[in-house]
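These notes concern the structure reproduced below.
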Amino acid sequence: MTRYKLLDGIKVQFTAEEEAQRDIEEAKALEEKAGYDAEEWKRNRQAEYPSMDDCIHALLDGGDTLTELQAKRTATKNKYPKSGA
């Protein structure tokens, strides 16, 4: 793939060294994106999980409150399974 840059308003082709540097930068960016995407399920899951306060209150209240909390946790786990990583 031929790349160009603007130099004093003129379109100029990259040198071999610039091409090589750009390839390195693109590979690094793709690697970082892959790492970010691999952890996306974890961030999504964490955002939808009940808070610690919700968990504590559900444990203390018991009954329907605890049942509802467990249902919410299970739904979140099913929506963002660890195997999706």
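The values are calculated or read from the model by the stated rules, or taken from the named source; none is laboratory data. Computed from a predicted structure; not experimentally measured. Every residue, glycine as well, gets a Cβ built from its backbone with ideal geometry; the counts of neighbours run over all protein chains shown.
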Within the range 73-85, the residues that are in a helix (DSSP H, G or I) and either at pLDDT 95 or above or exposed (fewer than 13 other Cβ atoms within 10 Å of the Cβ) (or both) are T74, A75, N78, K79, K82, S83, G84
Scan the range 38-55 and report the pairs whose first residue is over 11 Å from K79 (Cβ atoms) and whose second residue is modelled with pLDDT under 90, with Cβ atoms within less than 8 Å and a gap of 6+ or a chain change. A38/A85; E39/A85; K42/Y80; K42/A85
Residue satisfying condition, being free of Cβ contacts under 8 Å to residues at least 40 places away in the same chain, in contact with a helix residue (DSSP H, G or I) (Cβ under 9 Å, 6 or more places away or on another chain) and of a type outside the set (S, T, Y), within set L30, L59, L7: L59
